[in-house]
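A short write-up of the structure that comes next.
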Amino acid sequence: MKKNRLMIAAASLFVVLFLSSCKDEYTKISFTDLPYESQVFLNTHFPNEVVSHIMKDSEIFDKSYEVFFTDGDNVEFNSTGFWENVDCHNDSVPSSVLGYEISDYINTHHSGSYAVEIDVNMLNYDVELNNGLELVFDSYFDFVRYED
């Protein structure tokens with residue numbers, strides 16, 4: 001009986017220590033601390049933007065980065081430095097980020113509108129226009145559907 005209590009106490013202590021070490025760490029970093037791919041992306045697509053601050057989110061098995069510009073726009077990157085989200089709020093996402101196919105689709109089918117945000121994942125690109133409309137494109141940049 002004593003042995004069981006001791007085992008339970010030891011296991012409980014282990015769980016508490018493990019869980020306390022698993023907390024997320026959200027720390028401020030410098031531009032040079034970003035993965036190289038992120039630096040290239042920002043220099044290519046946002047050469048005139050002024051960086052306000054950069055945050056690194058360290059989770060137990062993953063990390064991500066978020067770059068904030070002085071105008072309020074921001075870009076999120078995954079652990080390898082590939083962009084996952086570009087949010088320009090009320091400004092237009094650079095056409096160089098959207099790519100020719102998505103830019104052409106917006107210009108052809110939604111004249112007068114422009115993209116204010118784009119998310120990318122393994123299956124598709126989600127694009128939000130300044131009028132609130134959301135478009136979904138597949139990984140080949142073909143239009144798939146409108147999203148609510």
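A few notes on this one:
- Condition broken by SER96, with the remaining ones in (1) at pLDDT 85 or above; (2) under 16 Å from the mean Cα position of the chain (by Cα) satisfied: (2)
- Just one of (1) within 27 Å of PHE137 (Cα to Cα); (2) more than 12 Å from the chain's Cα centre (by Cα) fails for ASN78. It is (2).
- Any hit, the range 117-140, residues being of a type in the set (Gly, Ala, Ser) and at pLDDT 95 or above: no
- Within the range 127-148, the set of residues being of a type in the set (Gly, Ala, Ser) and at negative phi comprises SER139 only.
- Residues that are loosely packed, with under 13 Cβ neighbours inside 10 Å and part of a helix (DSSP H, G or I), drawn from the range 32-49: THR32, TYR36, VAL40, ASN43, THR44
- Complete set of residues in the range 111-135 that are over 30 Å from SER79 (Cβ atoms) and surrounded by fewer than 16 Cβ atoms within 10 Å (Cβ to Cβ): SER111, GLY112, ASN131, GLY132, LEU133
- Listed by first and then second residue, the pairs with beta-carbon distance under 9 Å, at least 6 apart or on different chains, first residue in the range 88-99 and at positive phi, second in a loop (DSSP other than H, G, I, E, B) and open to solvent by 70 Å² or more (accessible area, probe 1.4 Å), are HIS89/ASP71.
- Strands (runs of 3 or more DSSP E) wholly inside the range 50-148 that include at least 3 residues being among the aliphatic types (A, V, I, L, M): 51-58, 115-120
- Take the conditions (1) in contact with a Cys (Cβ under 6 Å, 6 or more places away or on another chain); (2) open to solvent by 70 Å² or more (accessible area, probe 1.4 Å); THR108 misses just one of them, which is (1).
The values are calculated or read from the model by the stated rules, or taken from the named source; none is laboratory data. Keep in mind that what you see is a predicted model, and the values were worked out from it rather than measured. Methodologically, a virtual Cβ is constructed for each residue, glycine included, from the backbone with ideal geometry; neighbour enumeration extends over all protein chains shown. Accessible surface areas use protein heavy atoms only, side chains included; no ligands, DNA or RNA. Shrake-Rupley method; radii C 1.70, N 1.55, O 1.52, S 1.80 Å.
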